[in-house]
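Some notes on the structure that comes next.
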């Protein structure tokens, strides 16, 4: 049935999809799949955002690309502190609050962190790789998911400096009430699906 | 309401497929394991099929304390990176091995066969099944600490380098002052470069004149820089490639090929590091293994290069640089080390033998500075006299080269910074089939190389200087003088060239002319021992013994334990009739070197003169 939809209907469905995201988001905290803060409390980062843009940053401690991004993530989050709530999300179910706390300390993070052992946030954000980010606008619509920038070309090769800045662009668009020009660009790093 | 979830589910499928397309586009040509063709073969399991590959080719680096950022020792370790492993092996990013397969084999070849890569891909596509525990081979055992056993001498860098959390790659040089009182022979050096997860490669350079110390802000601090030059005052060519990269197995030199270490020699560890996201403390240690067997075989590092041709226009994606050098003696080629920076794209070296046949020495079609390495041949490669060794390097200075340090691209020329370029190829060769009566065959190689470089670039100061030094060593003084003159036209104030010219003139019996060159050398470098010493001799030849004794004293301020300078100072003082002072210096020379013939002879002469 899906393969036969017209362009027109597809467009309609895409509008519908945003509803779904909202629906899932609102049901999220009540569902069976939950994300937890480091005290073990169930947290819905979208509900906790109080009207701010929400940025979920997906990280793996054992992914060197994730770790190398720490200074950039710290810098972008500080830059948009007024408009956006940043959450660091750890999708590895073997992580504990203690190992994450230690990691945050080592990399000088002062951002809230979440464990996402059941990949509820991974599914919500549609991310596949660490490090990738998901940007939700003030209406909790997912407006961008994917890489932070184009620093990494592939595993083993990185540019001297990134020349595109997808995360920053998406936050700026959301802050201005717009959608970013690019909705999704996959990142370079470690597959989240390997954790399932 | 019941119809909504179905419709939305349908839309989600569309979304997902759009994402998948985006994913493929974003990654270029890299194939994703999960997108592979449906499996038609038998079940692949970790325990039976994959573990042997991982244990052999991955675990060496991927275990605690090594360079791999995570361990790959168990099913659970590998499962957590399964798709990533499939992707990096497909792309041949891992295991890191740049050369294409060729007829001449390299030792420690890390390249995975296609069959193993396909097997990993099938395993992931089938769901990364663990399999029967009985099939699992024993986990490899890795020794901690020194791989070659406890070293005879362990040296730790005086001060650590703090690798910044972010920014571009860092290049730092650690100086190890080797505390030995006499010449020793080294059969191996094991390099522990600090935290191996952040050090990409490290290279030891032998500094026999302790010249690099001048670059330290304070003793032991080390100094920055991607490329360093070690100045050598005498013919003592570099002979060994002392290299570390992740996974390097410490190399023990073959019998008779020990590396000489003299008193006062420094070892410089040139280190390339990549930021980790947090500050890292990098403090390397090296372990030295001595042997009582002095070197009987004298290898040499031949450097082919053509930096003068490196002038790459902005935007050019296929800029070719070549160099071709013809060997003046038979050699065995033992190892090869190509080097370019971030614009390097396709790196090739070949040899054309006198019979017209060719051998591919190395071909790296996708150069990556981060994984540069020394490649040792599994067997020595015989290259007879008359063989032409050629390098062909292609550079990409376009915006399509993602590693281009300049965005937008700019004109790039040769230089030592990482944003400059290089076109270098080192060959470790062992001269063979030579007649020892004809002298050191390395001198023939060095002279031929210097002539080659002079022809390539008549404005190459070092080529003229090195050619002159070789001619001087072979007592061809007129030719040497002509080359030093060329060198001095290029760098009139250069201390080494002025000193060398002075020494040639002195040997030719022209002390008056020598004095002006030696004085100019000292204007440039007041603490230049050789120039003080030579000037002392030149002045003494002109019967200016007061001037001579002053120069020998200045020389001794620079190097207090030089027996020759003490003996000559004694001679100058004796000539001035200051016998008591002369005696002191002859005796001092004999304290330093009890067999110093001149000091012995003059001391006896002095005793005869004072007894009269």
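The values are calculated or read from the model by the stated rules, or taken from the named source; none is laboratory data. Just so you know, these numbers come straight off a predicted model, no measurement behind them. Methodologically, a virtual Cβ is constructed for each residue, glycine included, from the backbone with ideal geometry; neighbour enumeration extends over all protein chains shown.
So which residues in segment B:544-563 are at pLDDT 95 or above and out of contact with any helix residue (DSSP H, G or I) (no Cβ under 7 Å at 6 or more places or on another chain), if there are any at all?
B:544, B:546, B:550, B:557
For segment A:34-67, name all the residues that are within 14 Å of chain B (Cβ to nearest Cβ) and in contact (Cβ under 8 Å) with a residue 40 or more places away in the chain. If you could, list the steps in order and put the result at the bottom.
Within segment A:34-67, the subset within 14 Å of chain B (Cβ to nearest Cβ) is A:57, A:59-67.
Across segment A:34-67, the qualifying residues are A:57, A:59, A:60, A:61, A:62, A:63, A:65, A:66, A:67.
For residue B:436, are the conditions met, namely being surrounded by fewer than 19 Cβ atoms within 10 Å (Cβ to Cβ), away from chain A (no Cβ under 14 Å) and farther than 21 Å from residue B:362 by Cβ? Steps first, please.
Numbers: surrounded by fewer than 19 Cβ atoms within 10 Å (Cβ to Cβ): yes; away from chain A (no Cβ under 14 Å): yes; farther than 21 Å from residue B:362 by Cβ: yes.
Yes; evaluated as a whole, the condition is true for this residue.
For residue B:471, only one of the following conditions fails: (1) farther than 21 Å from residue B:452 by Cβ; (2) not in a loop (DSSP other than H, G, I, E, B). What is its number?
Among (1) farther than 21 Å from residue B:452 by Cβ; (2) not in a loop (DSSP other than H, G, I, E, B), the lone unmet condition for residue B:471 is (1).
Conditions first: (1) crowded, with 21+ Cβ neighbours inside 10 Å; (2) without any contact (Cβ under 8 Å) to a residue 40 or more places away in the chain; (3) more than 14 Å from chain B (Cβ to nearest Cβ). Residue A:145 passes all but one, so which condition is the exception?
(3)
Please count how many residues of segment A:158-182 are surrounded by 19 or more Cβ atoms within 10 Å (Cβ to Cβ) and within 13 Å of another protein chain (Cβ to nearest Cβ).
3
Considering only segment B:56-126, give the helices (runs of 4 or more DSSP H) lying wholly within it that have at least 1 residues that are closer than 18 Å to residue A:157 by Cβ.
On the way: elements: B:75-79, B:82-90, B:114-125.
Hits in segment B:56-126: B:82-90.
Taking the condition touching a helix residue (DSSP H, G or I) at 6+ places or on another chain (Cβ under 8 Å), buried (at least 19 other Cβ atoms within 10 Å of the Cβ) and modelled with pLDDT of 95 or more, does residue B:585 pass? Break it down stepwise before answering.
Details: touching a helix residue (DSSP H, G or I) at 6+ places or on another chain (Cβ under 8 Å): yes; buried (at least 19 other Cβ atoms within 10 Å of the Cβ): yes; modelled with pLDDT of 95 or more: yes.
Yes, satisfied.
Looking at segment A:73-94, I want the residues that are within 10 Å of chain B (Cβ to nearest Cβ) and more than 16 Å from residue A:113 (Cβ to Cβ) and have a partner that is assigned to a helix (DSSP H, G or I) and modelled with pLDDT under 95 with Cβ atoms under 8 Å, at least 6 apart or on another chain. Which pairs are those?
The qualifying pairs do not exist here.
Quick check: is even one residue across segment B:533-545 within 25 Å of the chain's Cα centre (by Cα) and under 20 Å from residue B:565 (Cα atoms)? Quick ask: steps written out before the conclusion?
Applying the first criterion (within 25 Å of the chain's Cα centre (by Cα)) to segment B:533-545 yields none.
No, because not a single residue in segment B:533-545 is within 25 Å of the chain's Cα centre (by Cα) and under 20 Å from residue B:565 (Cα atoms).
Does residue B:175 meet the test of being modelled with pLDDT of 95 or more and more than 25 Å from residue B:63 (Cβ to Cβ)?
yes
Test residue B:411 against the stated conditions and say whether it is within 30 Å of residue B:259 (Cα to Cα) and either within 28 Å of the chain's Cα centre (by Cα) or surrounded by fewer than 21 Cβ atoms within 10 Å (Cβ to Cβ) (or both).
On the way: within 30 Å of residue B:259 (Cα to Cα): no; either within 28 Å of the chain's Cα centre (by Cα) or surrounded by fewer than 21 Cβ atoms within 10 Å (Cβ to Cβ) (or both): yes.
No: the conditions fail for residue B:411.
Return the only residue of B:169, B:152 being within 14 Å of chain A (Cβ to nearest Cβ) and under 24 Å from the mean Cα position of the chain (by Cα).
Working: B:152 fails: within 14 Å of chain A (Cβ to nearest Cβ).
The unique qualifying residue is B:169.
Could you grab me the full set of residues in segment B:260-285 that are outside any loop (DSSP other than H, G, I, E, B), within 18 Å of the chain's Cα centre (by Cα) and either within 14 Å of chain A (Cβ to nearest Cβ) or closer than 30 Å to residue B:421 by Cβ (or both)?
Across segment B:260-285, the qualifying residues are B:266, B:267, B:268, B:269, B:270, B:271, B:272, B:273.
Can we say residue B:466 is crowded, with 23+ Cβ neighbours inside 10 Å, within 26 Å of residue B:310 (Cα to Cα), touching a helix residue (DSSP H, G or I) at 6+ places or on another chain (Cβ under 6 Å) and outside the structural domain of residue B:558 (by TED's automatic domain parsing)? Walk me through how you get there before you give the answer.
Details: crowded, with 23+ Cβ neighbours inside 10 Å: yes; within 26 Å of residue B:310 (Cα to Cα): yes; touching a helix residue (DSSP H, G or I) at 6+ places or on another chain (Cβ under 6 Å): yes; outside the structural domain of residue B:558 (by TED's automatic domain parsing): no.
No.
Residue B:94 fails exactly one of the following numbered conditions: (1) within 11 Å of chain A (Cβ to nearest Cβ); (2) more than 21 Å from residue B:273 (Cα to Cα). What is the number of that condition?
Here residue B:94 meets the rest and fails (2).
Got a sec? Which of A:152, A:191 is within 14 Å of chain B (Cβ to nearest Cβ) and farther than 26 Å from residue B:406 by Cβ? Talk me through it step by step, then tell me what you get.
Values: A:152 fails: farther than 26 Å from residue B:406 by Cβ.
Only one candidate passes the filter, namely A:191.
Which of the residues spanning segment A:45-64 are outside any loop (DSSP other than H, G, I, E, B) and modelled with pLDDT of 95 or more?
Pass one, segment A:45-64, residues outside any loop (DSSP other than H, G, I, E, B): A:47-49, A:53-58, A:64.
A:53, A:54, A:55, A:56, A:57, A:58, listed by residue number.
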